[in-house]
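Take a look at the structure below.
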Amino acid sequence: MPGRFLSLWLLATALLVSACSSNDLTNSPNYELGYSDGCGTATTRKPGDPGTIHRNDALFHADEGYAAGWRAGYGACGQGGGPVQQNWSMPGNGGVMIQGPH
């Protein structure tokens with residue numbers, strides 16, 4: 001019986017520690033920068049004109065906080081045209097979300 005209690009206690013402690021140490025990307029130093037860039041893209045982007053995409057590609061691919069902020073900003077500031085479709089890995093679109101329908 002004491003071994004069973006110890007196992008339950010260890011499991012509960014491990015779950016508590018993992019919950020407290022979750023990776024909250026909104027606290028990342030680059031999250032706000034990514035959010036701003038994503039929102040800027042959503043509000044000024046012209047389809048077919050890659051010059052209207054506001055994104056630091058190096059940070060987008062290397063920093064999860066920046067990428068999460070960019071996606072959140074783009075999603076929050078996107079306008080009309082139906083649901084936002086995410087396609088981050090399609091060659092040729094630079095990983096930019098595409099507003100649908102087309």
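The values are calculated or read from the model by the stated rules, or taken from the named source; none is laboratory data. Computed from a prediction, not measured in an experiment: that's the story for all the values here. As a convention, Cβ positions derive from the backbone with ideal geometry for all residues, glycine included, and neighbour counts pool all protein chains shown.
Pairing residues of the range 25-39 that are exposed (fewer than 15 other Cβ atoms within 10 Å of the Cβ) with residues that are among the acidic types (Asp, Glu) and not in a helix (DSSP H, G or I), at Cβ distances under 9 Å and at least 6 apart in sequence or on separate chains, gives Pro29/Asp63.
Tell me, which helices (runs of 4 or more DSSP H) lie completely within the range 1-98 with 2 or more residues that are in contact with a Cys (Cβ under 6 Å, 6 or more places away or on another chain) and modelled with pLDDT of 55 or more? Write out each step before concluding.
Working: elements: 2-20, 31-44, 57-62, 64-77.
The qualifying helices (runs of 4 or more DSSP H) are 31-44, 64-77.
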